[in-house]
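See structure below.
Throughout, read-outs are computed from the coordinates displayed, never taken from laboratory work. Keep in mind the model is a prediction, meaning the values are calculated, not measured. In this analysis, Cβ positions are derived from the backbone assuming ideal geometry, glycine residues included, and neighbour counts consider all displayed protein chains.
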Amino acid sequence: MRLSARLAALLALAPLALAQEPRTAADVTEEWRGLARVFDRVLPLEDATSSEPRTVLLLVDATPSLAASGFADALAAALERHAKSLGQLKLGVARTGVEKPLLAPSDDAHAIVEAVRGALAAPEDRIVDVYADVRTLCAQLAPRGGEHAVLLATLENGDAEDDLEATAARLAGTKTKLFVLASEAYVADCYWAQRTYQDHPRETQLTGGDSAAIDMPWGWLFQLSTSNELTPSGFACYGLNRVAAASGGRVFVYAPPNAGAHSCAIWGTCLFCSGDHVAEDEVYGRALLAPLAPSVAPRGEVLESLADDPCFRATTVAWRAALQSGLVRGTPPRAGHATSVDTSAAGKATLLLGNALDRNADRAEALAKDCERILSALDAELKRADPSKGSARARAIAEYTRVMLQLTKVNLVTYAGWCQEIAPRWFSKEAQAVQPPELPAVRGDARNVVIGYTSRSLCHGVKPFFEVELPGGERLKKELGELDRLLGAYTARYAHTPYAVAVHRQGIATFHQSLPGTYVEPKRPKSKSGNENGPQTGGTRPPRSGGGSSGGSGPATGGGG
Amino acid sequence: MKRALAVCALLALSALAPSAHAQTKAADARVAALVAALGDEKNYQARNDAYLALMREHPPAAVALLLESLPRMNVVGQELGLAVLQGYPDEVARAALRKLLDARWPLLEAGAGAVLHRLGETDAIEHVLKPFARKDLALDLRRALLGRVYAIRDARLSAAIRAWLVPEAEPALLEDAFYQLILADDAQTRSRAGELAATPGLPAASRVACAACLVALGEDSSSAVLAAAVRADDGPTLSRLQRFLLRAPALGEDLRAAVAELAERTATPVYAQMALVVLGQHAGAKQIPVLERLLDSPSAIVSKAALEALQKRGGGISHEVLARMLGSSDAARALAAADALRREDDLAGLERVLELASTAGPERAEALRVLSRFRVMRAVPVLLDGLADGDVLVRSAAETGLVALLPNLFPYRSFDLASSGYSARGAAETRSAALQKLRAWWSANARK
């Protein structure tokens, strides 16, 4: 009877245990409640009856951002709080990229804090393979008895992956839990995919997004910035989530105080405010975020499940068609292939911006028809898709793709309008007659004018654009109306999630005379969604050694003539 | 007959000649008076008016007069004169400023050198450095020198400024020097501030200057010193430190609390407003209730600042509160609510703002400022009407509003409002003629 009761209890627990196995990033991510909370969760013994001490190795990725976070002070305070546990707790200190540990496991609080301070006193901003360091530490922990854990504090790395599954296996094999203090990643980040020239440690691949694959179409025509590079995901990068999840550990997504104010258009300009916009729907709701979290399964499994996901299949078909037309330049994910810029698609986009205005208008009209065709096929496919068979994230990405197709159509219609209505006036050999307070739109010799574009952010929605004088006439108004309808429904569903932000970071293009000059790539904002302090996306990501130096600008074309 | 006409014409010309001459003479005398007023230490208003007139008109005759009289003026006069010279067309300004590169006049030399350096004349930095190396300069002159080199990043200049950071330096000079070094991203400022703060017997005000610098650089441990200083008076300290606090990546809880206490306790609305601007950037959960309480402050300035701070902190002000404020008989409060709603993409307050901006009254200038932030075509004719108001502040608000609004509504056009001849401070006839041109343009280009 006792046996059967215990069996029943075990059986009752089994599904619970299965349910607790982390499946998505939401399952391993701890809500940010300050650095003190990190140490309070990591340091205590998990098994209070254990007679052997718990060993925690602090793996410090000593970058300027970690040095400025107050990590060492928080550790000192935590050790004071947990002073009584120090007999049963030993902490070692290691630094990423440095083979020899800075301090062997010790219960000397002063020595522990000084070792961490020493590491942070000379911070470096370089790309490091933290996974190799984690494996090395696991090997050092293996012979020790008691509970093992590694606390990896890395605010800039985790995106240089060598072998995640080997790391997960080493953690499991040595029964080491991995806790991670990390920065927030971007949704399906394609930053490194667009910058393949970046130096990185040998045998690593630069990834960095929140997902196992870049599963959101990127590099849309006439967009100054790429949403995938700017939209905070609410989670750390896939690699760190994956290995922490596999070890039974947790991930603390660091939220720097005052990461900066909300900015409607990070690289472009906003037509509708002067930086005082309160975008309440950009404050993430954790309950809304969780269902959209990316998977933390092994990458191969994620790609397989994406292939089975009806929404993602529909997106991929639309993505490939858009790539073929040159509406996007980033390739969709495919097992065994790195995602990258499709030079043919990028080339098609450049062709559109040649000197012949009439031909450009015709090309734009043809592409607008492509948008319509692809959008209509995607709509039909999504209507057929069984939502229960797909993930919420794949559905969100499919709906994001719909909005982006309509937005691109709007941009093509207004570009065709610019070619027909405005450019001929700008490049006319006759002097432009304008009345005060207007000045001639083109300064200097019209034959040498370089045309660029900027994106007018959708942060305030579509309606304000009806107030603005844009080329494209009634046709544009109709397409704007359709975009307003689509975006309204989309926002109603995805407000307070990264998918609303992703659309806000895109915009309606306007074309203008560019000043010739050297292009300097703007710094990418530091990822930070604002749960606590309101909408925030600010701060800048400093380029790391060997960091990027080109790309991302509105293309330019010679003027008419 | 022909001869008679010719004689008449000659007579007419001879009658005109003295008059034109007299006019030129009068104009020259006016310019001379303006330049002289720039150096008037006793009459602040006359000096300010002269400065504005010279900035607006940039009369060619003033250049030689300024070059001749600036060396004799006091610090403020020299600063204003440099600003006026800087506004002349590039070649004129450069030639004039080069004549001021003279070691006898340290502020003029450094000021002219700094402008030329910013214009790309790299050698001019030598003239900036020389005055900074001098030991015999008075406090006001040193502070003025720092103002001239605002944000210039030059290692030798930063080193010269660091040399001023000594325990016996006046606290006000320390603050200005630290701030300039922060703007110049000087890597050694943090350690220098730390060393200076640790000097035994350092005056309390100097210690506060060091702490302000460290807090601006992210050293949270210094915030207790600032918190005590902020608590010690009714706002003057905060008004001096505000620039440091706004640059800080974060403020310690004690400092945030001290700023919030000041916002509630001070009897001077401007100090409360300054504290609220800091809280708009740094308030944590514990300060939000203070912001909420100050929404109902009897001072409209404070209430508006509290509203803006709350919005910046994502305070989620309820729609009911804003609707109540929008319906208030207090125009300033209604405008603040309309502006707050606009920031949330809610244009519910537009009608009220249009009404207030179209009506003469003490709040018309603010109503026009708020209106121009609604990027709507309906704002343009109301702003054009504002250009004809009898009050220069209202006209200035309308002018600034149109300058901001037109390029947003017409992104494919370039604008220069001054090309119409309009200036809010211009003569009535000139304004009226210019306004006619602006109305004609609007009538031709308003979207039907």
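Summary table
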{"quantity": "The range A:18-104: C-alpha gyration tensor shape, a/c 1.5 cut-off, then a/b vs b/c", "calculated": "rounded"}
{"quantity": "Centroid-to-centroid separation of the range B:106-173 and the range B:372-430 [C-alpha atoms, Å]", "calculated": "39 Å"}
{"quantity": "Highest-fluctuation residue, B:GLY111, B:GLY327, B:GLY120 considered, GNM on chain B with Cα pairs under 10 Å", "calculated": "B:GLY120"}
{"quantity": "Full-extension gain in nm, B:ALA46 to B:ALA440, via 0.36 nm per residue minus C-alpha separation", "calculated": "138.2 nm"}
{"quantity": "Listed peptides A:104-114, A:60-70 by packing density, highest first (mean Cβ within 10 Å)", "calculated": "A:60-70, A:104-114"}
{"quantity": "Along each principal axis, Cα extent of the range B:244-371, largest first, Å", "calculated": "45, 28, 24"}
{"quantity": "Space enclosed by the convex hull of the alpha-carbon atoms of the range B:339-448, per residue, Å³", "calculated": "95 Å³"}
{"quantity": "For A:LEU181, distant residues with modelled amide H under 5 Å away", "calculated": "A:LEU152, A:ALA153, A:THR154, A:PHE252"}
{"quantity": "Expected 222 nm ellipticity per residue - DSSP helices of 4 or more, -39500 (n - 2.57), all of chain B, to 500", "calculated": "-21500 deg cm²/dmol"}
{"quantity": "The range B:159-303: C-alpha gyration tensor shape, a/c 1.5 cut-off, then a/b vs b/c", "calculated": "prolate"}
{"quantity": "Percent of beta bridges antiparallel (DSSP, the protein assembly as shown, rounded to nearest 5)", "calculated": "45 percent"}
{"quantity": "With eigenvalues of the C-alpha gyration tensor scaled by 5 and rooted, the range A:169-271, Å", "calculated": "29, 18, 11"}
{"quantity": "Phi-based couplings in Hz for the range B:295-307 (Karplus 6.51, -1.76, 1.60; Gly and Pro marked x)", "calculated": "4, 9, 4, x, 8, 5, 4, 5, 4, 5, 5, 5, 4"}
{"quantity": "Packing-based ranking, highest mean first, of A:31-38, B:360-367 given that Cβ atoms within 10 Å are counted", "calculated": "B:360-367, A:31-38"}
{"quantity": "Antiparallel %, DSSP beta bridges [both residues in the range A:138-255], to 5", "calculated": "25 percent"}
{"quantity": "Measure of compaction for the range B:202-244 (Cα Rg per 2.2 N^0.38 Å)", "calculated": "1.02"}
{"quantity": "Percent of Cα-Cα distances greater than 22 Å, calculated over the range A:217-343", "calculated": "54 percent"}
{"quantity": "Shape category assigned to chain B from the gyration tensor of Cα positions, a/c cut at 1.5", "calculated": "oblate"}
{"quantity": "Pair A:LYS429, A:ALA77: separation of 7 Å Cα→Cβ label points (nm)", "calculated": "7.4 nm"}
{"quantity": "Residue among B:ALA248, B:ALA275, B:ALA427 with the largest mean-square fluctuation in a Gaussian network model of chain B, springs linking Cα atoms under 10 Å", "calculated": "B:ALA427"}
{"quantity": "Spin-label pair B:ASP391/B:ALA198, simplified geometry with 7 Å Cα→Cβ offset, distance in nm", "calculated": "5.6 nm"}
{"quantity": "FRET efficiency estimate (nearest 0.05) - Cβ-Cβ, B:LYS286 to A:ALA104, R0 30 angstrom", "calculated": "0.10"}
{"quantity": "Convex hull of Cα atoms in the range B:16-157, direction-averaged projection (nm²)", "calculated": "9.4 nm²"}
{"quantity": "Alpha-carbon Rg/Rh ratio, for the range B:152-196, with Rh computed the Kirkwood way", "calculated": "0.92"}
{"quantity": "Fully extended contour minus Cα-Cα distance, from A:ALA36 to A:GLU304, at 0.36 nm per residue", "calculated": "92.6 nm"}
{"quantity": "Shielding score for B:241-254, defined as the mean number of other chain Cβ atoms within 10 Å", "calculated": "1"}
{"quantity": "Residue-averaged beta-carbon neighbours from other chains (10 angstrom radius) around B:296-308", "calculated": "0"}
{"quantity": "Length gained when the stretch B:ARG447-B:ALA26 is fully extended (0.36 nm per residue, less Cα-Cα span)", "calculated": "146.9 nm"}
{"quantity": "Expected-Rg normalisation [2.2 N^0.38 Å, Cα atoms] applied to the protein assembly as shown", "calculated": "1.07"}
